[in-house]
Amino acid sequence: MSARPDVYRFAPSPTGYLHLGNARTLLLNALPARQGGRFILRLDDTDAARVRPEFVEGIREDLDWFGIVPDEEHSQSERTAIYQSAFERLRAEGRIYPAYETPEELDRARRLARASGRPPVYDRRALKLTEADRAALEAEGRRPHWRFRLSDGRIGWEDGFRGAQEIDLASLSDPILVRDDGAFLYVFTSVVDDADLGVTRVIRGEDHVTNTAVQLDLFAALRSRPPAFAHHNLLTTADGEGLSKRQGSLSLRSLREEGVEPLAVAAYASLIGSSEAVRPVASLDALAAIVAEERPSRAPARIDSVELAALSAKTLHGLPFEAVSSRLEALGVGGGEAFWEMVRGNLATLGEAAEWWRIATVALKENAERPDPDSAALIAEAARLAPLEPWDETTWKAWSSAVSAATGAKGRALFQPLRLALTGWPHGPELAKLLPFIGRERSLERLKGVGGEPAPATSR
């Protein structure tokens with residue numbers, strides 16, 4: 001019998017827009033699944049006060065932007081009955097207990113413990129309450145939250161990135177599984193979901209290492225086989241600060257709006273801070289093959305926005321026409337493969353292709369750079385010597401050579417004024433390839449606009 005495919009999952013909480021750090025976790029799960037596994041998107045949306053529909057839709061848009069299609073999608077808000085069933089099993093076996101402390105009381109107890117030199121671990125005082133005590137507290141209007149009683153001793157696992165890990169459960173507080181308002185919390189629902197959905201591998205940030213110890217104890221209490229865990233290093237800002245969904249400048253949504261290439265973001269988020277060099281990739285499948293060999297560092301990886309922008313441009317330059325044709329059409333860019341091959345090496349973002357298409361076929365931009373007035377005579381001579389159509393890629397060489405012979409101008413003194421007059425830019429695609437798109441009529445209009453005289457429509 002062949003082995004069953006591994007099942008990976010990405011479980012974001014839709015309480016904000018995903019950022020680069022979230023993308024790292026997403027990709028380190030979704031990419032391995034492309035090589036014969038399955039990938040689940042699970043929306044951890046039980047925090048009704050903070051979850052918003054636009055964040056849910058934003059997560060789906062981000063996955064679609066990357067070209068990632070989940071094999072399954074689930075929402076925790078629709079799985080309450082499954083959590084309740086697991087809760088009752090733990091309750092029947094005496095592994096959970098009610099506690100009545102308020103958040104303020106718990107905070108005060110933690111501060112007192114620290115002041116006394118003790119670890120701020122919950123002291124299980126709720127286990128000492130009698131039925132009468134609990135009745136009296138509820139008569140005061142208090143409602144219990146429910147804690148899971150951790151096992152004694154140490155718990156260990158072989159981490160896919162960090163190697164052998166072991167944590168003393170006595171160093172941790174019994175986790176709250178259900179709030180006093182009846183809401184199930186992540187540490188519990190994640191375990192129930194992973195067991196119920198058959199998840200076999202969980203790759204997530206190293207800030208979840210302690211959660212993993214707790215959750216392994218929960219898997220054991222529920223008699224469920226745990227997935228294999230791996231914890232990757234975290235991404236930080238250039239200043240070394242942790243990423244947050246509140247930092248809109250690093251959100252996938254903002255990167256998309258800035259025109260950063262999704263394949264570049266995928267490569268950057270996956271490879272930064274690993275044994276693999278950050279570099280352009282041709283596709284998600286190519287990136288998946290690289291990620292399969294990488295090993296994240298233990299140190300946090302700092303994001304360099306300049307490096308990401310450069311990677312995006314290099315990625316764009318390498319994309320074939322087939323990979324961008326629909327996006328170019330949506331931008332109103334024509335010219336087919338010939339125009340793309342001509343312009344792509346000069347683009348920082350795909351949106352700039354629309355600017356060059358307008359320059360080539362409509363008009364210069366309003367703030368176009370113009371030639372120096374001292375170039376007026378050269379421009380006028382270029383207008384006089386403009387060849388008749390049809391124009392092709394040989395036109396520019398013949399035309400510029402004729403202008404050079406007539407004026408004595410060479411090199412930059414010849415080419416820069418003509419480029420500025422014809423395109424409004426001091427740099428850009430090869431004029432030999434761009435001129436056939438601009439055409440004779442538009443070229444003469446632009447030359448005349450800076451002092452040149454249009455050539456008569458007769459052969460020479």
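Values in this text are rule-based calculations from the coordinates and carry no lab data. Since the model is a prediction, treat every value here as computed from it, not as a measurement. Positions of Cβ are generated from backbone atoms using ideal geometry, with glycine treated the same way; all protein chains shown enter the neighbour counts.
Going by average Cβ neighbours within 10 Å, how do the peptides 125-134, 91-100 rank, with the highest at the top? Intermediate results must be reported in sequence, preceding the final value.
Details: 125-134: 11.9, 91-100: 16.1.
The densest-packed peptide leads the list: 91-100, 125-134.
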Practice task
Would you kindly calculate the mean projected area, averaged across all directions, of the convex hull enclosing the Cα atoms of region 126-173, in square nanometres?
Solution key: 4.9 nm²
Problem - Under-22-angstrom lysine pairs by C-alpha in the chain, whenever the two are 8 or more apart or on separate chains - result: 9
Problem - ³J(HN,Hα) computed for each position of region 331-345 - Karplus, 6.51 cos²θ - 1.76 cosθ + 1.60, integer Hz, glycine/proline x - result: 8, x, 8, x, x, x, 5, 4, 5, 4, 4, 6, 9, 4, x
Fill in the blank from the handout: Volume per residue (Å³) of the convex hull spanned by the alpha carbons of region 363-460 is 89 Å³
Completion exercise
Compactness summary of region 158-266: radius of gyration and Dmax from Cα atoms, Å, are 17.2, 50
Practice task
Report the FRET efficiency, 1/(1 + (r/R0)^6), for Ala292 and Glu93, where r is their Cβ-Cβ distance and R0 is 45 Å, rounded to 0.05.
Solution key: 0.65
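So between Arg225 and Asp239, what do we pick up on full extension, going 0.36 nm a residue minus the alpha carbon distance?
Taking 0.36 nm per residue and subtracting the Cα distance, the gain is 1.0 nm.
Using r as the Cβ-Cβ distance of Gln84 and Glu131, and R0 as 30 Å, what FRET efficiency do you calculate, to the nearest 0.05? Could you put the intermediate results ahead of the total?
Working: r = 23 Å, r/R0 = 0.78.
About 0.80, to the nearest 0.05.
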Practice task
Return the sequence-ordered ³J(HN,Hα) values of region 85-101 in whole Hz as given by the Karplus equation 6.51 cos²θ - 1.76 cosθ + 1.60 applied to θ = phi - 60°, using x for Gly and Pro.
Solution key: 5, 5, 4, 5, 5, 5, 5, 5, 9, x, 8, 10, 8, x, 9, 10, 5
Exercise for the section: Would you mind getting me the FRET efficiency between Ala310 and Leu331? Use the beta-carbon distance for r and R0 = 25 Å, nearest 0.05. Expected result: 0.65
Exercise for the section: Quickly rank 171-178, 219-226 as a protection proxy: mean count of other C-beta atoms within 10 Å, highest first. Expected result: 171-178, 219-226
Problem - With Cα atoms, 0 to 90° folded angle of helix 103-115 axis to the chain main axis - result: 90 degrees
Exercise for the section: Mind computing the radius of gyration and Dmax over the alpha-carbon atoms of the chain? Å is fine for both. Expected result: 31.5, 110
Problem - Two-site label geometry, Leu112 and Ala164: point separation in nm, points 7 Å out along Cα→Cβ - result: 4.0 nm
Handout entry: Per-peptide average of other Cβ atoms within 10 Å, ordering 148-156, 422-430 highest first
Key = 422-430, 148-156
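How much length is gained on full extension from Thr361 to Glu257, taking 0.36 nm per residue of separation minus their Cα-Cα distance? Kindly include the intermediate steps, with their values, before the conclusion.
On the way: separation 104, 0.36 × 104 = 37.44 nm, distance 2.56 nm.
Fully extending the segment from Thr361 to Glu257 adds 34.9 nm.
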Handout entry: Value at 222 nm in deg cm²/dmol, rounded to 500, when DSSP H runs of n ≥ 4 in the chain each add -39,500 (n - 2.57)
Key = -14000 deg cm²/dmol
Problem - Separation of the Asp207 and Ala376 label points, Cα + 7 Å toward Cβ, nm - result: 6.4 nm
Completion exercise
The simple spin-label model distance between Ala282 and Ala348, using points 7 Å out along Cα→Cβ, in nm, is 2.9 nm
Handout entry: Karplus 3J(HN,Hα) series, Hz, for region 117-123 with 6.51 cos²θ - 1.76 cosθ + 1.60 (x for Gly, Pro)
Key = x, 9, x, x, 9, 4, 8
Exercise for the section: Give me the percent of DSSP beta bridges within the chain that run antiparallel, rounded to the nearest 5. Expected result: 50 percent
